[in-house]
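In what follows, a structure is listed as structure tokens, so that the remarks can point back to it.
The values are calculated or read from the model by the stated rules, or taken from the named source; none is laboratory data. Note that the structure is a prediction, hence the values are computed from the model and not measured. Note that each Cβ is placed from the backbone with ideal geometry, even for glycine, and that neighbours are counted across all protein chains shown. Quick note on the areas: whole protein, heavy atoms, side chains included, nothing else; ligands and nucleic acids left out. Shrake-Rupley method; radii C 1.70, N 1.55, O 1.52, S 1.80 Å.
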Amino acid sequence: MSEIAAEAALRRPLADRRIWFMAAYGFACGLPLPLSGFTLGQWMSESGLSLGAIGLASMIGMPYILKFLWAPALDRLVPPGALGRMGRRRGWLLLIQPLLVLSIAALALSNPSRAPLATVAAAACLAFLSASQDVVVDAWRIETFPQRQQGAALAGYVWGYRLALLTANAGAIKLASLVGWHGSLLFMAALSCAGLGATLAAPEPVVARIDGERGGVRAGIARAVIAPLREFLARAGAVPILGFVMLFHLGDALAGVMLPPYYRALGYVRDDVALANLPSLAAALAGITTGGWLVARIGTGRALILTGFVQMVAILLYLALGYAGGNRGALVATVATEAFVGGLAAAAFLAFLSSLCTSAYTATQYALLSALAAVPLRTLGGLSGFMAAAAGWKAFYALSTLAALPAMLLMLYLLRRYPVRDAAARATA
């Protein structure tokens, strides 16, 4: 892309068709997540499974944490057969995405009340393919857009992603009231074909790559796996940065896993939950826009502190919901506020993660960082059902609020010792 074209794209980002591909990829990546998370939890809750079982089901998403293990293969190997001629990024997507559609269809045809293990197996397969898709899409974004356009690319991605979350949350739950869970999830499988269409039409990134063939298998593994980790860990402040990434969503993760059974315990039915999620898209997009503005105005580090504390306080709304007596308006207000705050924090957090990746190891390093961010949800989140059953709902949500505090204290330390702008500069050097 010429400098003149790049400047024009910065002035008119919507005129750049790659932004629209980014939105389509955001939709494709966002759609599977609730189907193995909140929406699956709603289905399991209605099927009569215990709180402990619903909490443990959050571990279905372990591939989102472990994806850094196979990210080097997706980052460096050419897809097999004719797919390799489509390009490294597009080729892998054209292999992963049809299998992802089939896994959602398999989930739709399962029954958690009669054969919960089959449901879990289908959801686990879905999560693995979804995590693999995320790896390739993140690399496509980072390699396709120059640094000055990463903000616009992320905005397009998050718009599509949030639309998909609304579709697979409120849309799938409401549709289940009309055609049943099986019909609703089959429709989600059909919608997931949007990602395949985007891949067929999208351009392949043109980047200079490191030769991964010379030196044999051991040298290839060293370059693909060890080198990205070594490069990151050699930076000043790498350990506290990784700790912050891992803890940032801890409180939110604990609170979110138990929402489906919590809503049912408060007397809310399926249609109430679907209605409450309807304004979440507009609220989330408003939060993302505000978060992006904050990053531009006060910098990534300060924006993370501000939005992180706001996110922590927002968890208290779930505690307050317990005193609302099943009021629909209170539920809508709580979900909308949480969506706004989540978007606010996501804008700063995603910009922070992207700034930490070097151009030589984009897929592997971003996969590692985003995987660490999901650790609380996929580990401690699995124990949240037992915690809620033992402590009671009000104490559980009070503890979830306190769980968000360590990340904020760690970020304050990072701002003093290792300013975020320095880390970002090293990552992009």
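Couple of notes before you dig in:
- Expressed as a whole percent, the accessible area of the chain that falls on carbon and sulfur atoms is 68 (1.4 Å probe).
- Per-peptide average of other Cβ atoms within 10 Å, ordering 324-331, 284-291, 89-96 highest first: 89-96, 284-291, 324-331
- Taking Cα centre as origin and charging only the Cβ of basic (Lys, Arg, +1) and acidic (Asp, Glu, -1) residues, the dipole magnitude of the range 59-216 rounds to 100 debye.
- Once the Cα atoms are used to define both axes, helix 405-417 deviates from the longest principal axis of the chain by about 30 degrees.
- For the peptides 103-112, 128-137, residues were scored by their other Cβ atoms within 10 Å and the scores averaged per peptide; the highest-first order is 128-137, 103-112.
- Answer label for mean projected area of the Cα convex hull in nm² (calculated), chosen among (1) 20.0; (2) 22.2; (3) 18.8: (1)
- Label-to-label distance, Ile298 versus Thr337, with points set 7 angstrom from Cα along the beta-carbon direction: 1.9 nm.
- Karplus-based coupling profile of the range 280-295, in residue order and whole Hz: 5, 5, 4, 5, 5, 5, 5, x, 4, 4, 5, x, x, 5, 5, 4, with θ = phi - 60° in 6.51 cos²θ - 1.76 cosθ + 1.60 and x standing for Gly or Pro.
- Relative contact order %, the chain, counting alpha carbon pairs below 8 Å whose residues are six or more apart: 26 percent
- Distance from the Cα centroid of the range 164-208 to that of the range 260-333 is 23 Å (rounded to whole angstrom).
- Helix 362-378 vs. the chain, principal-axis angle (Cα, 0 to 90°, nearest 10): 20 degrees
- Pairwise label distance in nanometres, Leu402 with Ser47, each label 7 Å out on the Cα-Cβ vector: 3.5 nm
- Dipole moment magnitude, nearest 20 debye, the chain about Cα centre, only Lys, Arg, Asp, Glu C-beta charged: 600 debye
- A dipole drawn for the chain from +1 and -1 charges on Cβ atoms has a positive end, and of Ser400, Leu356, Leu285 the residue lying farthest that way is Leu356.
- Evaluated on the range 237-396, the Kirkwood hydrodynamic radius is 16.8 Å, with distances taken between all distinct Cα atoms.
- Accessible area (Å², per residue) of the chain, counting only protein heavy atoms and a probe of 1.4 Å: 41 Å²
- Both the radius of gyration and Dmax for the range 14-67 are 15.7, 50 Å, in that order, over alpha-carbon atoms.
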